[in-house]
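The values are calculated or read from the model by the stated rules, or taken from the named source; none is laboratory data. Keep in mind that this is a model prediction, so the values were computed, not measured. Here the Cβ positions follow ideal geometry from the backbone for every residue, glycine too, while neighbour counts run over all protein chains shown.
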């Protein structure tokens, strides 16, 4: 089967005034469909850069990236936007919900840009909200919801287009322990029950522990890549 | 993504920030409302000037006696007593002349029905009602045979009727004009005030022959009213009348004429020129106020783009193309401007009606000017919305998402 994400010798340089910062320095990684991968590493290790490139928000300086078998460097900016809209879901640390907009309208947003019919859109958005256990707050606005609820709305938004990959950037960074646990349990359930592929960036080991595979970055390179079957078994 | 879907997105974004949207529109609203009010009053004023000119008579020329030099002493205009009914008949034969009527004015006391009233008794020909576009309200006008026989018949103006016959119908009754009994054959319709505030209805019309015979005892008339067949003919007719009268009055070349001709088209032209100056002025006000409104929109849209940087980043992350972002912000600006224009036109219309009701001025708002104002507002929105929209569409999604 074609891997969802396949990168070879991925390089990303940021030119500065008098030198160049190499954020990614030859990364090789492959993520299969149905995987739940946590990317760890200290600040400046390149994990965020990696996620931006994988999420098609940024382009690499060198190397190859195939998303669902398609070479990304050949895609135009509009193609990248369309791929993000149809095949990728994003969850951010700061939720990034539209204010003064109801939960269900927030969940609909990716479908608006994908050109889905308004009636189908509403039905799919309500279904996604049901999946994250928030059907009862569909018509509430973000400021009426707790942090954990807002993040679950954001998760509903990320999965509403049936993406091939959900990218989560520090999704528990702004949450308390209890809400963090809820959100991670939700990710795990989505991965296990629905087979959704998830790439999660975090610097907290106990958050990463929910994933089946942990990739650790340091100085733009992969330091370790291990399956966490035993850890996961221990958690259960 | 369809235009309609983008329009809906823009509308949602604007409704989310209602107060700011209204404040942003305020510049355009006030600008367009001011334009509509000034246009309404300006056009109303022009129309009433035009109506007054038309009420004097269509395509009318007035031939008046000129100055007379008697042994070095010059009388003023009207001093010459050389204009005769025969001159009028000769003028009536000229090509381009539709009708001619002499006018002989005298002020006198009119008595009837136990009432008396001093008014202007004017001797005219039946063509007068055509030249002045002044039909009778009841009865009929006197005829050419009344003129030929200098009949003692009269047509009364409305003001005279109110003062002499407040309760009864005057037609068929007798009035004493200078102690001579005249039979009332008709009553004129109301004409209202003239351009200089004179009550045109305070008059009694009799055949000019009767006037010359019984009132003035002279052979010359006060003036000749001439109606050209077409408004484009008035200048040509004026030249021909000048030639004809110089010949009839034996004016030696180089000597001053003993008559003068007033052309109402000149007055009409002056009035319409005034109207044009007014229109240019209004267009100036309109463009300045819409420019200011447009700058206001650009300012707020730039603030809005900065404030919504994270939102824009998110929209890009979930799949909005740059062109869609550009379009959404452009539409937001255009919707703001167009809605502002429409609200402004509505308020301006209401204010114009208010002015017209409180000040009693005639006003008129041409639909085209409303359409133009709203259309121009939309253009202002597109023009001033482009820079902020472009800035939004060029944002880097990663930086936008991190923006605090």
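Observations on the model:
- Qualifying residue in the range B:202-223 (condition: surrounded by fewer than 13 Cβ atoms within 10 Å (Cβ to Cβ) and assigned to a helix (DSSP H, G or I)): no
- Check on residue B:295, over 25 Å from the mean Cα position of the chain (by Cα), exposed (fewer than 15 other Cβ atoms within 10 Å of the Cβ) and in contact (Cβ under 8 Å) with a residue 12 or more places away in the chain: yes
- Residue, nearest to the other protein chains (Cβ to nearest Cβ), within the range A:127-138, restricted to residues that are over 21 Å from the mean Cα position of the chain (by Cα) and surrounded by 17 or more Cβ atoms within 10 Å (Cβ to Cβ): A:138
- Which listed residue, of A:12, A:47, is under 26 Å from residue A:204 (Cβ atoms), over 19 Å from the mean Cα position of the chain (by Cα) and either in contact (Cβ under 8 Å) with a residue 12 or more places away in the chain or more than 12 Å from chain B (Cβ to nearest Cβ) (or both): A:12
- Count of the range A:75-94 residues which are buried (at least 23 other Cβ atoms within 10 Å of the Cβ) and more than 7 Å from chain B (Cβ to nearest Cβ): 3
- For the residues A:116, A:37, the requirement of being at pLDDT 95 or above, outside any helix (DSSP H, G or I) and farther than 22 Å from residue A:144 by Cα singles out A:37.
- Single match in B:36, B:28 (criterion: away from every other protein chain (no Cβ under 14 Å), under 27 Å from the mean Cα position of the chain (by Cα), buried (at least 17 other Cβ atoms within 10 Å of the Cβ) and modelled with pLDDT of 85 or more): B:36
- Hits in the range A:187-211 (condition: within 30 Å of residue A:13 (Cα to Cα) and under 15 Å from the mean Cα position of the chain (by Cα)): A:197, A:198, A:199, A:200, A:201, A:202, A:203, A:207, A:208, A:211
- Considering only residues in the range B:149-200 that are within 35 Å of the chain's Cα centre (by Cα) and at positive phi, the one that is surrounded by the most Cβ atoms within 10 Å (Cβ to Cβ) turns out to be B:192.
- Residues in the range A:106-125 that are within 9 Å of chain B (Cβ to nearest Cβ) and free of Cβ contacts under 8 Å to residues at least 12 places away in the same chain: A:112, A:115, A:118.
- Lone qualifier among B:101, B:106 - being within 30 Å of residue B:244 (Cβ to Cβ), surrounded by fewer than 22 Cβ atoms within 10 Å (Cβ to Cβ) and touching a helix residue (DSSP H, G or I) at 6+ places or on another chain (Cβ under 7 Å): B:106
- Residue list for the range B:130-145, filter: surrounded by fewer than 21 Cβ atoms within 10 Å (Cβ to Cβ), in contact with a strand residue (DSSP E or B) (Cβ under 8 Å, 6 or more places away or on another chain) and not in a loop (DSSP other than H, G, I, E, B): B:130, B:136, B:137, B:138, B:139
- Residue match in the range A:57-67 (condition: within 14 Å of another protein chain (Cβ to nearest Cβ), without any contact (Cβ under 8 Å) to a residue 60 or more places away in the chain and touching a strand residue (DSSP E or B) at 6+ places or on another chain (Cβ under 8 Å)): yes
- Scope the range A:139-175; condition over 14 Å from the mean Cα position of the chain (by Cα) and either away from chain B (no Cβ under 14 Å) or at positive phi (or both); matching residues: A:139, A:140, A:144, A:145, A:146, A:147, A:148, A:149, A:175
- Some residue of the range B:304-320 being in a helix (DSSP H, G or I), away from chain A (no Cβ under 14 Å) and modelled with pLDDT of 80 or more: yes
- Single unsatisfied condition, residue A:99 versus (1) modelled with pLDDT of 95 or more; (2) over 22 Å from residue A:56 (Cβ atoms): (1)
- Under the condition of being touching a strand residue (DSSP E or B) at 6+ places or on another chain (Cβ under 7 Å) and in a loop (DSSP other than H, G, I, E, B), the residues counted in the range A:83-104 number 2.
- Taken over the range B:347-404, the residue count meeting the criterion of being part of a helix (DSSP H, G or I) and more than 14 Å from chain A (Cβ to nearest Cβ) is 39.
- The set of residues in the range B:225-243 that are more than 27 Å from the chain's Cα centre (by Cα) and surrounded by 15 or more Cβ atoms within 10 Å (Cβ to Cβ) comprises B:240, B:241, B:242.
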